[in-house]
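Participant: Here you go, one structure.
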Amino acid sequence: MPALAYRPRLLDHTLAELLADLPAILLTGPRSTGKTTTAARHARTILRLDRPEEAAVATAAPDAILRGRDEPTLIDEWQAVPGILGAVKRAVDENPTPGRFLITGSAPAQSDGALWPGTGRFVRVPMFGLTTRERRGAIERPGFLDRLLCDGPEGLQDPGDAPDLRGYVEELLVSGFPQPALHLPPDRRRLWLESYLEQVVTRDAAPSGRDPVRLARYLDMVALHTGTVVDDATLYRAAGINSRSASAYDGLLADLSLVDAIPAWWTNRIKRLVQRPKRVLIDAGLAAAAIRVDTAAILRDGTLLGRLLETFAINQLRAELPAARTPARLFHLRTEQGRHEVDLVVEIPGQRFVAFEVKATSAPGRDDARHLFWLRDMLGDRLAAAVVLHTGARVFALGERVVAVPVAALWDDGLGAAGVPNPPLP
């Protein structure tokens, strides 16, 4: 069988640039998102520590196995031989020439209580699942956040192929895992995702000693509430566990890169801000598989539709950030009793921000953006732009620096619906 063609990733250019300046890069992220495949494109030799014979040599002589190799050297599945990281540290200390090592693995960046050897030696780069933009092969254009900040809201264009609401649901169900997303039909894709979840809770989590049945039940509850700020007690009581177990499960799911806890944004300009994080599954399709819903079931439940659509939009935006020209950090905002809530607050340099709301409507109005108007009034010029991501087909202004934008603009090729750029917003 011929080898499958490589699908270029957003991080390819970033990795090439980093290797030109840095001696060692640690590529992290969920299992099966393509880290090894992408890293191998930038390496001259590969040390595969999931192979017993190579792991045995690396365990016995970690320093020796790194000598004399053509570089960059990819060290794959480092967690199989944790001592290899100490050898990389020593190699970098002796010779900090750029482009020496690429390190991949799916375990947390820690080493059983010992001092982490990567501090000051490795630069960590997160890699997430395929975005729709990557899947469609449209990665040459700058990402959405870079375009928004460079051209302003008035420079955004109507996407050329915005789907309808059903199309958006089908898109989020594709998932960002390359194997099911690129090579499997929908029924087999769902089977793959369910199997992935089963193996995570029974095998990948096994070294932690956690009960796989209770862990699976807790993960289901997190998936059901993905994209929301939910009280911890609501989750652990629904899962039939106690708070101590829930805290341990949260840490484990974060270590396995399955759940991202988006921190609450804080400023002394706004009172009574809730400080709980927002839990978001790293893949909307995986969340749907966890709670066993298909397109029809999602379209029948407006609450679930909103949560999964928000998760999908966050998945798309977050995967862009490691390759973006604009350094950015993600937060969410919620005041007590939910009087004001903003789905995503993106912090950019200069103490400035971009805010996002995600709405499962094709015709958002000013009421859908009321929290964004409130935040704009609170922050003034510090809010560079505010965006309502919606399921329609048009870009249009809702107010000063507040714009309604189709979710499809996150992966658009930059041409309008007629194949030519749109005129500026009025």
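Participant: At q = 0.10 Å⁻¹, what base-10 log of I(q)/I(0) does the Debye formula yield for region 132-410 when every alpha carbon is treated as an equal point scatterer in vacuo?
Facilitator: Result of the Debye calculation: -0.52.
Participant: Give the total of Lys-Lys pairs in the chain with Cα-Cα distances below 26 Å; include a pair only if its members are 8 or more places apart or on different chains. Intermediate results must be reported in sequence, preceding the final value.
Facilitator: Details: Lys35/Lys89; Lys35/Lys278; Lys271/Lys359; Lys278/Lys359.
Step by step, the pairs that qualify in the chain add up to 4.
Participant: Let me ask something else. Taking only the alpha-carbon atoms of region 213-306, what semi-axes of the equivalent ellipsoid follow from 5 times the gyration tensor eigenvalues under a square root, in whole Å, largest first?
Facilitator: On the way: eigenvalues 103, 67, 30 Å².
One finds semi-axes of 23, 18, 12 Å for region 213-306.
Participant: Using alpha carbons only, how many angstrom separate the centre of region 202-218 from the centre of region 1-54?
Facilitator: 28
Participant: Can I ask one more? Relative to the longest principal axis of the chain, what angle (0 to 90°, nearest 10) does the C-alpha long axis of helix 370-379 take?
Facilitator: In the chain, helix 370-379 runs at an angle near 70 degrees to the longest axis.
Participant: Now for a separate question. Quick one: angle between helix 83-94 and the longest Cα principal axis of the chain, in degrees between 0 and 90, rounded to 10, please.
Facilitator: Roughly 90 degrees between the two axes.
Participant: Same structure, new question: Test of understanding: ordering Leu383, Leu389 by Cβ neighbours within 10 Å, fewest first, what list do you get? Kindly include the intermediate steps, with their values, before the conclusion.
Facilitator: Values: Leu383 19, Leu389 27.
Least to most surrounded, the residues fall as Leu383, Leu389.
Participant: In region 132-410, what percentage of the DSSP-assigned beta bridges are antiparallel, given to the nearest 5?
Facilitator: Numbers: 19 of 31 bridges.
So the antiparallel bridges in region 132-410 amount to around 60 percent.
Participant: First check a/c for region 11-126, with a ≥ b ≥ c the square roots of the eigenvalues of its C-alpha gyration tensor; if it is under 1.5, answer rounded, and if not, answer prolate when a/b is larger than b/c or oblate otherwise.
Facilitator: Working: a/c = 1.25, a/b = 1.15, b/c = 1.09.
The shape class here is rounded.
Participant: What is region 249-376's relative contact order, in percent, from Cα pairs under 8 angstrom and six or more apart in sequence? Could you put the intermediate results ahead of the total?
Facilitator: On the way: 160 pairs, mean separation 26.6, N = 128.
It rounds to 21 percent for region 249-376.
Participant: Taking only Cα atoms and a 10 Å spring cutoff, compute GNM fluctuations for the chain and point out the largest among Ile270, Ile298, Ile139.
Facilitator: The residue that fluctuates most here is Ile270.
Participant: Under the definition of Cα pairs under 8 Å and six or more residues apart, what whole-number percent is the relative contact order of region 284-355? Kindly include the intermediate steps, with their values, before the conclusion.
Facilitator: On the way: 61 pairs, mean separation 13.8, N = 72.
Averaging sequence separation for qualifying contacts and normalising by length gives 19 percent for region 284-355.
Participant: Using Cα-Cα distances under 8 Å and only pairs 6 or more residues apart, what relative contact order does the chain have, in percent?
Facilitator: Numbers: 754 pairs, mean separation 76.0, N = 426.
Averaging sequence separation for qualifying contacts and normalising by length gives 18 percent for the chain.
Participant: Taking the beta-carbon count within 10 Å as an exposure proxy, list Leu130, Leu379 from fewest neighbours to most.
Facilitator: The fewest-first ordering by Cβ neighbours comes to Leu379, Leu130.
Participant: Mind sorting Asp204, Asp161, Asp283 by how few other Cβ atoms lie within 10 Å of their own Cβ, fewest first?
Facilitator: On the way: Asp204 17, Asp161 14, Asp283 28.
With the fewest neighbours first, Asp204, Asp161, Asp283 line up as Asp161, Asp204, Asp283.
Participant: Oh, and also: Against the globular-protein guess of 2.2 N^0.38 Å, express the Cα radius of gyration of region 330-417 as a ratio, rounded to two decimals. Write down the numbers at each step before the final one.
Facilitator: Values: Rg = 12.9 Å, N = 88, 2.2 N^0.38 = 12.1 Å.
My calculation over the Cα atoms of region 330-417 gives 1.07.
Participant: What do you get for the angle between helix 243-255 and the principal long axis of the chain? Use alpha-carbon atoms, 0 to 90 degrees, nearest ten.
Facilitator: It is inclined by approximately 70 degrees.
Participant: Going by Cα centres, region 134-159 and region 238-299 are how many Å apart?
Facilitator: Region 134-159 and region 238-299 have Cα centres separated by 28 Å.
Participant: How much mean residue ellipticity at 222 nm does the chain get from its helices, if each DSSP H run of length 4 or more adds -39500 (n - 2.57) and you divide by all residues, to the nearest 500 deg cm²/dmol?
Facilitator: Working: 17 runs with 158 residues, N = 426.
Only helices count here, giving -10500 deg cm²/dmol.
Participant: Return the single residue from His332, His13, His225 with maximal mean-square fluctuation; model: Gaussian network over the chain, springs between Cα atoms under 10 Å.
Facilitator: Result: His13 has the largest fluctuation of those listed.
Each reported figure results from applying straightforward, stated rules to the coordinates on display, with no laboratory input. Because the structure is predicted, anything quoted here is derived from the model rather than measured. Using ideal geometry, Cβ is built from the backbone for each residue, glycine included, and neighbour counts are taken over all protein chains shown.
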